[in-house]
Every structure is written in structure tokens, then in C-alpha cells.
Amino acid sequence: MVTKDFSTYTNEALLTEAKKIKSAKIYDAVFLGVLIGIAVYSSVKNRLGLLSFIPLLYLPVAAKNNSNRTALEKELKARGLNKTK
């Protein structure tokens with residue numbers, strides 16, 4: 001997985017990206033929760049099937065988002081910027 005290179009971003013662009021990533025964190029959690037709910041319901045209703053493994057397909061996307069989030073937080077900390085500005 002390739003993370004974004006946040007060292008080339010300006011301070012304003014970093015803060016804007018931090019706001020986007022903060023909302024993306026919430027979307028990832030909600031989407032993964034819905035997928036897990038569908039998988040559990042499918043497993044209970046029809047035993048193990050294709051829908052039971054759908055959350056596994058989203059895990060690489062969530063992992064990439066998480067690595068971008070940590071790289072952004074590291075760059076914000078290195079520059080001494082506050083995410084809530």
C-alpha cells in the first residue's frame with residue numbers, strides 16, 4: 001500500500017486534508033459496521049455464504065485509509081499544526 005506524501009503539502013492543504021480524513025474515519029467505521037451486520041445476518045439466516053465474507057473485501061481499503069491517516073497525523077505533529085484549526 002502506498003501512502004500519500006504529505007511532506008509536499010502546504011499547511012493549509014494539510015489542515016484541509018485532516019478534515020477530510022477525520023470524516024473518512026467515521027465513514028469507514030459505519031460502512032464496516034454495516035458490512036459486518038450484513039455478514040452476521042447472512043450467516044445466521046443462510047449459514048456461511050458469499051455475503052459472510054464481504055467485510056474481508058473492504059479491509060484493504062480501510063487499512064490504506066488508516067495508513068494515510070497516521071502519515072498525515074505524523075506530518076501535522078512534525079510541523080506543529082493543530083488539526084482543529
Check region 41-60 and report whether any residue there is surrounded by 12 or more Cβ atoms within 10 Å (Cβ to Cβ), in a helix (DSSP H, G or I) and in contact (Cβ under 8 Å) with a residue 24 or more places away in the chain. yes
By residue number, the members of region 14-60 that are within 24 Å of Arg79 (Cβ to Cβ) and touching a helix residue (DSSP H, G or I) at 6+ places or on another chain (Cβ under 9 Å) are Leu14, Leu15, Glu17, Ala18, Ile21, Lys22, Ala24, Lys25
Out of (1) without any contact (Cβ under 8 Å) to a residue 60 or more places away in the chain; (2) part of a helix (DSSP H, G or I); (3) surrounded by fewer than 16 Cβ atoms within 10 Å (Cβ to Cβ), the one Lys64 does not meet is (1)
When every residue in region 1-23 that is in a helix (DSSP H, G or I) and surrounded by 15 or more Cβ atoms within 10 Å (Cβ to Cβ) is compared, the one nearest to the chain's Cα centre (by Cα) is Ile21
- Message: On the basis of being modelled with pLDDT of 90 or more and surrounded by 16 or more Cβ atoms within 10 Å (Cβ to Cβ), does Leu35 make the cut?
- Response: yes
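The values are calculated or read from the model by the stated rules, or taken from the named source; none is laboratory data. The structure presented is a predicted model; accordingly, all values stated were derived computationally and were not measured. Cβ: placed from backbone, ideal geometry, glycine included. Neighbour counts: every protein chain shown.
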